[in-house]
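Scroll down for the structure; my scribbles are underneath it.
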Amino acid sequence: MNINTKKLAKTIIPFFLIIFPFVFSSLIEETFENAGQLSIMAVLIIFILFAIIFKRSFCGFLCLVGALQRVVGYIGFKLFKKRVTVPATLDKYLRAAKYIILTGFAAFSIASGKFLLQVSVDDVFEQYSIILPGLAWISIMLMFVTIIGSFFIDNFFCKYICIQGAVAGVAGRFSPSGIVRCEDKCINCTLCTKKCPSNLEVHKMKKVISAECFNCQKCIIVCPKKGALTNSFAGRKIPLVLFVAMAGMLYILLTFLIPLFL
């Protein structure tokens with residue numbers, strides 16, 4: 001029996017990218033469970049260093065909430081047969097919200113003398129209840145809003161609300177990694193652009209440098225032309241699965257190394 005390996009890969013890889021965040025989280029969960037104030041700072045440094053190296057790869061295939069949104073989004077697409085595209089102008093302002101919120105957190109931290117910006121590998125909603133500890137319901141409300149929003153809009157929370165995404169977006173601007181498009185191999189089918197959850201026009205870019213790119217690998221997965229879209233690090237092309245594995249291993253390595261210097 002002949003097996004279409006490319007079709008099989010396109011089926012297995014999206015499933016792998018959903019399961020991988022849960023495996024990744026379980027591997028490092030104990031590292032963060034007993035974190036004190038110093039560890040909170042260490043986790044933030046780890047997150048920023050990782051974003052500088054691998055951009056928003058945490059958002060793309062390491063974050064549990066990202067995996068949750070992909071599952072909910074898939075169910076939503078099967079139920080409604082389409083996804084909602086937010087008008088470009090409105091989308092632009094909504095995306096700016098997470099950076100405004102991040103600035104607010106920084107301002108509150110300076111004003112109160114308390115470090116309020118906390119990164120989590122398993123509960124990104126917690127960020128909002130930290131600044132107002134008496135209002136824990138905010139995290140619960142955000143979780144429900146995210147689930148509902150994800151039924152209709154790809155990566156709803158990541159695009160508009162996630163503070164960690166804002167931090168990674170800013171830090172990732174200095175990254176040597178990114179998705180590159182080979183113009184000679186590209187057939188301009190625009191599948192990469194149609195499938196991009198960030199609504200980026202990937203088929204027009206030589207390199208995806210936008211802070212809104214999650215590095216989710218969807219564009220590479222759907223590309224019908226081998227080598228037209230690839231991951232690149234410091235000018236070197238890296239296969240998708242190896243890139244994901246490298247990112248996961250680096251994050252775990254950083255969780256052990258960085259605290260030794262603090």
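Remarks
- Rounded if a/c under 1.5, otherwise prolate or oblate - region 152-262, Cα gyration tensor axes: oblate
- Whole-Hz couplings from phi, Karplus 6.51/-1.76/1.60, listed for region 42-59; x for Gly and Pro: 4, 5, 5, 4, 4, 4, 5, 4, 4, 5, 5, 7, 10, 6, 8, 4, 4, 5
- In this view, the solvent-accessible surface of ILE53, computed with a 1.4 Å probe and all protein chains in place, comes to about 50 Å².
- Area of GLU212 that stays accessible when all protein chains are in place (1.4 Å probe, Å², to 10): 20
The values are calculated or read from the model by the stated rules, or taken from the named source; none is laboratory data. Note that the coordinates shown come from a computational prediction; the quantities given were computed from them, not determined experimentally. Keep in mind that these areas ignore ligands, DNA and RNA; they rest on the heavy atoms of the full protein, side chains included. Shrake-Rupley method; radii C 1.70, N 1.55, O 1.52, S 1.80 Å.
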